[in-house]
Amino acid sequence: MTHGLSSSDKAAAVIDGKAVAAEITASVAVETARLVAAGGRAPGLAVVLVGDDAASQVYVGAKGRKATELGFHSVQHTLPADTAEADLLAIVAELNVDPSIHGILVQLPLPRHIDTMKVIEAIDPAKDVDGFHPINVGRLAIGERSRALVSCTPAGCLVLIKRVLGADLAGRDALVIGRSNIVGKPMAQLLLQESCTVTVAHSRSRDLPELARKADIIVAAVGRPEMVRGDWVKPGAVVIDVGMNRIPAPERGEGKTRLVGDVAYDEAAAVAGAITPVPGGVGPMTIAMLMANTLVAACRAAGQPEPQF
């Protein structure tokens with residue numbers, strides 16, 4: 001079986017995002033050492049956190065630890081929730097001109113008084129390792145992926161899809177459920193560039209189950225717990241579940257919750273050819289691709305060949 005897949009008592013192969021992410025980060029560590037040996041700077045990642053959102057603190061901590069593990073120069077700016085927009089923009093401006101920093105990540109969501117798009121647009125596109133800047137979005141849309149930095153979650157999803165189906169996805173029917181700027185839209189662009197026939201579905205799509213039943217690849221990124229049912233899935237399809245939803249779990253005790261995706265896992269796993277679990281599927285890939293993007297940005301800054309992931 002292809003590495004990164006494991007069998008289970010269900011029909012579907014389970015796509016092990018942790019294992020694939022570990023492979024990618026191991027490659028990043030090797031390529032980082034090679035870049036430094038060639039005279040380049042170690043990749044520098046700056047993470048900016050505004051406020052005390054608990055989930056954001058966990059994410060930022062994980063990103064910083066992983067960067068340090070890989071031999072990166074890692075910087076974190078932690079700002080109070082009442083930080084003025086102008087002060088945040090000033091920090092971004094400083095990081096833009098700091099030659100030791102190749103990647104700038106401003107953790108979202110930002111407090112309501114700060115204009116998120118103004119902050120994203122202030123980041124140097126060459127250091128926009130989240131892939132959210134309109135210039136990077138535009139480069140992806142016009143087929144200039146080699147000059148873009150691509151949003152980490154959809155980039156990771158594409159890696160997982162290719163682990164199952166191989167490098168050539170031409171002619172596959174793909175359904176992307178969700179049209180967010182962070183996942184849905186860039187996912188559709190990536191699949192189009194792989195010569196898939198892509199449908200983007202959303203809350204106003206008619207007969208979503210029927211659209212899903214035609215798809216060789218389903219990417220669910222809509223934020224609705226277990227919305228995609230087993231009878232939506234074409235037998236043998238690859239199902240990528242981007243959802244991370246907390247739902248009540250009274251069976252675990254009063255007030256307890258459990259984490260589920262946008263796909264009814266047990267139902268879909270009985271039909272699909274391969275499926276990502278939640279957790280342990282797409283989530284680990286997001287941080288891995290963030291590290292890959294930072295390395296790519298550092299290689300470009302040094303005029304060195306960039307690795308492919």
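Accessible-area rank, largest first, for Asp216, Asp173, Asp266: Asp266, Asp173, Asp216, with all protein chains present and a 1.4 angstrom probe.
The residues of the range 118-194 expose on average 39 square angstrom of accessible surface per residue, using a 1.4 Å probe on protein heavy atoms.
With a sphere of radius 15 Å drawn around the Cβ of Gly166, what net charge do the other residues whose Cβ falls strictly inside it have (Lys, Arg +1; Asp, Glu -1)?
Within the 15 Å Cβ shell, the charges total 0.
Shape of the range 127-212 from its Cα gyration tensor (a ≥ b ≥ c, root eigenvalues): rounded if a/c is under 1.5, otherwise prolate when a/b > b/c, or oblate?
Oblate.
Given the alternatives (i) 28, 23, 18; (ii) 24, 22, 21; (iii) 32, 23, 19, semi-axes √(5λ) of the Cα gyration tensor in Å as computed for this entry is given by (iii).
Of the GluC sites (Glu not before Pro) found in the range 243-309, the ones in coil according to DSSP and having at most 10 other Cβ atoms within 10 Å of their Cβ are Glu254. Model label points for Asp52 and Gln76, set 7 angstrom from Cα along the Cα-to-Cβ axis, are 1.6 nm apart. When the Cα gyration tensor is reduced to axis lengths a ≥ b ≥ c, the ratio a/c is 1.5 or higher for the range 41-172, and with a/b above b/c it is classed as prolate.
By its C-alpha gyration tensor, with a ≥ b ≥ c as the square roots of the eigenvalues, how is the range 144-183 shaped: rounded for a/c under 1.5, else prolate for a/b larger than b/c, else oblate? In terms of gyration-tensor shape, oblate. Note on the chain: antiparallel DSSP beta bridges, both residues inside, total approximately 15 percent of the bridges counted. Using only DSSP helix segments of four residues or longer, with each worth -39500 (n - 2.57), what per-residue ellipticity at 222 nm results for the chain after dividing by its residue count and rounding to 500? It lands at -12000 deg cm²/dmol. Distances between placed amide hydrogens fall under 5 Å for Val129 paired with Ile104, all partners being 5 or more residues away or on another chain. Centre-to-centre, using Cα atoms only, the range 130-166 and the range 174-253 are separated by 17 Å. Taking amide H atoms as placed 1.01 Å from N in the peptide plane, the amide H of Asp262 lies under 5 Å from those of Glu226, Val242, Gly243, each 5 or more residues away in sequence or on another chain. Here the label points at Ile247 and Ala86, each 7 Å from Cα along the C-beta direction, are separated by 4.8 nm in the simple model.
Would you list the membrane-span-like helices of the chain, meaning whole DSSP H runs whose alpha-carbon atoms span at least 15 Å along their axis and whose mean Kyte-Doolittle value is at least 0.0? Once both thresholds are applied, what remains is 17-37, 85-96, 152-165, 282-302.
The values are calculated or read from the model by the stated rules, or taken from the named source; none is laboratory data. What you see is a predicted model; the values in this text were computed from it and never measured. So basically every Cβ, Gly included, is an ideal-geometry build from the backbone, and we count neighbours across all protein chains shown. Accessible surface is based on the protein model in full, side chains and every heavy atom, while ligands, DNA and RNA are left aside. Shrake-Rupley method; radii C 1.70, N 1.55, O 1.52, S 1.80 Å.
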